[in-house]
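The values are calculated or read from the model by the stated rules, or taken from the named source; none is laboratory data. Everything numeric here is computed off the predicted structure, so don't read it as measured data. Here the Cβ positions follow ideal geometry from the backbone for every residue, glycine too, while neighbour counts run over all protein chains shown. Remember, those area values only see protein heavy atoms, side chains included, never the ligands or the DNA or RNA. Shrake-Rupley method; radii C 1.70, N 1.55, O 1.52, S 1.80 Å.
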Amino acid sequence: MKKFLLITYYWPPAGGGGVMRWVKMTKYIRQYGWEPVVYTPENGETAAFDESLAKEVAPDLQVVKTPIWEPYQLYKQFLGRKKEEKIYSGFINEGKKESLAQKVSVFIRGNFFIPDARMFWIKPSIKYLTKYLQEHPVDAIVSTGPPHSMHLIAEGVHKATGIPWVADFRDPWTNIDFYKDLRLTSWADARHKALEQKVLRRASRVVAVTWRSRDEFVELCGRKDIAVIPNGFDDADFAQAETAKLDAEFSIAHIGSMNKDRNPEVFWQAVQAALATAPGLQQKLKIRLIGPTDFSVRESVQKYGLEANTEFIDFVPHSDAVLYQQQSQVLLLLINNSPNARTIIPGKLYEYLGSGRPLLAIGPKDSDSAKVVELTKGGALHNYEDVEGLKNSILAFFAAYQKGELKGSAEGIQQFTRRHLAGEFAGLLGTLTK
């Protein structure tokens, strides 16, 4: 069996979306003749812990860890936060509006920690892994980012050893939605873009998770061999989806973080309009927001008088998130209203489909997310300004719920199972090691 070294910052017991892709990939890729060896920090900063994900990792999987130094304690001291407090990525302010100290810290983050705060792990890791691989050879290297420091580690090891390297981009780099919020100087912007170009050009292969991301990378670096291997869902997680007990109330659930760019003003407006139209909806409607939410979201809920119908639930383990998805009447999917909105496919979209529940999605009609929703007939997707269309979809879902006929559809979703996608990644690795 061939081996590959996976360089990843996120690994159990860390929780959240950044962990899922490669925990699931390593779960199944052995079936296709590849043995993973995981390299990850032993003391990385994580916003959430999820012990349930540790059960997904094979007991005999080799995991190599080394210490990392990160500036997060300095960051917490600067903001007056407690040492044990967790830091969320993606610009989520949970309890108050952005302060001057937060604005300054964002400027420092974007302009001095390039490509990210894990930059101090790059050189020690290159040195460690170059020596480690002399004694424990592998056939390929895979780096997954963000954080994009993982790609720079892989680039250095690839340069030192000549081992083929695949750069796996779970999210874009300079095209990510919050890049515009980093308050970058022209020098820092140029530095980010130069490092991105180095990774894109020097990697043996590059993998994107959406079709538009692939096209953007092609435009950035000119190479035509960039592959698309989407995120997906593990059908083993949803084995009981058809027999799950649905919520008694008309529940609309959003699973995952909700930052200010994802705050769905149009949804709140549509819900308010639907409540004024449908008798009985006020008593039955329950909106569940499961995961970290920005302060602006709570403000919107209050603004539209939806406090009695809305429940905020903090981060839950993945196993619990799967249960919430299976029990909910409708699942809410939000695409950040940002310049790269057409590029984004949230990982939760595939899990939503796996749950078998109908989707109510908000995003561009010509986006990659819309392509998946249309391909699978998974639900309704509306543009950001379509209050009337959203209201009508909510009312249609509610009418079906009242009749006991509210069901989801997910045609052709087998192409998005984690097992199938692991086979695709194994096939790509095979092209580098023939």
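Computed quantities for the displayed model
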quantity: From K391, K365, residue being in a loop (DSSP other than H, G, I, E, B) and open to solvent by 10 Å² or more (accessible area, probe 1.4 Å); calculated: K365
quantity: Residue pairs meeting the criteria (Cβ under 6 Å; at least 6 apart or on separate chains; first under 11 Å from L289 (Cβ atoms), in segment 245-257; second of a type in the set (S, T, N, Q) and in a loop (DSSP other than H, G, I, E, B)); calculated: A253/S328
quantity: Looking only at segment 261-286, and only at residues there that are in contact (Cβ under 8 Å) with a residue 60 or more places away in the chain, open to solvent by less than 40 Å² (accessible area, probe 1.4 Å) and within 22 Å of the chain's Cα centre (by Cα), the one that is nearest to H382 (Cα to Cα); calculated: F267
quantity: Subset of segment 307-325 that is touching a Leu at 6+ places or on another chain (Cβ under 8 Å) and farther than 29 Å from R214 by Cα - its residue that is surrounded by the fewest Cβ atoms within 10 Å (Cβ to Cβ); calculated: E311
quantity: Flag if Q414 is in a helix (DSSP H, G or I), among the polar types (S, T, N, Q), in contact with a His (Cβ under 9 Å, 6 or more places away or on another chain) and within 21 Å of A236 (Cα to Cα); calculated: yes
quantity: Residue in segment 21-33 that is open to solvent by 10 Å² or more (accessible area, probe 1.4 Å) and not in a helix (DSSP H, G or I) present; calculated: yes
quantity: Every residue from segment 153-170 that is crowded, with 22+ Cβ neighbours inside 10 Å and within 17 Å of the chain's Cα centre (by Cα); calculated: A167, D168, F169
quantity: Scope segment 287-305; condition within 14 Å of S251 (Cβ to Cβ) and either of a type in the set (F, W, Y) or open to solvent by less than 10 Å² (accessible area, probe 1.4 Å) (or both); matching residues; calculated: I287, L289, I290
quantity: Qualifying positions in segment 363-408 - in contact with an Asp or Glu (Cβ under 7 Å, 6 or more places away or on another chain) and either closer than 18 Å to F267 by Cα or of a type in the set (S, T, Y) (or both); calculated: T376
quantity: Any pair with Cβ under 9 angstrom, 6 or more apart, that starts in segment 123-138 at a residue that is on the phi < 0 side of the Ramachandran plot and ends at one that is open to solvent by 100 Å² or more (accessible area, probe 1.4 Å) and basic (K, R); calculated: I126/K159
quantity: Selection from segment 332-362 of residues that are open to solvent by 20 Å² or more (accessible area, probe 1.4 Å) and among the polar types (S, T, N, Q); calculated: N337
quantity: Criterion violated by S143 - all others in (1) open to solvent by 40 Å² or more (accessible area, probe 1.4 Å); (2) within 29 Å of I344 (Cβ to Cβ); (3) in contact (Cβ under 8 Å) with a residue 12 or more places away in the chain satisfied; calculated: (1)
quantity: Residues that are more than 17 Å from A274 (Cα to Cα) and in a strand (DSSP E or B), drawn from segment 368-380; calculated: G379
quantity: Subset tally (residues that are under 19 Å from V330 (Cβ atoms) and buried (at least 16 other Cβ atoms within 10 Å of the Cβ)) for segment 225-245; calculated: 4
quantity: Test: A190 is more than 30 Å from R357 (Cβ to Cβ), open to solvent by 50 Å² or more (accessible area, probe 1.4 Å) and small (G, A, S); calculated: yes
quantity: Pairs, first more than 30 Å from I229 (Cα to Cα) in segment 400-417, second charged (D, E, K, R) and open to solvent by less than 40 Å² (accessible area, probe 1.4 Å), C-beta under 6 Å, six or more apart; calculated: none
quantity: Any hit, segment 46-62, residues being at pLDDT 95 or above and touching a strand residue (DSSP E or B) at 6+ places or on another chain (Cβ under 6 Å); calculated: yes
quantity: Per-region count, segment 98-118, residues surrounded by 13 or more Cβ atoms within 10 Å (Cβ to Cβ) and either modelled with pLDDT of 85 or more or assigned to a loop (DSSP other than H, G, I, E, B) (or both); calculated: 7
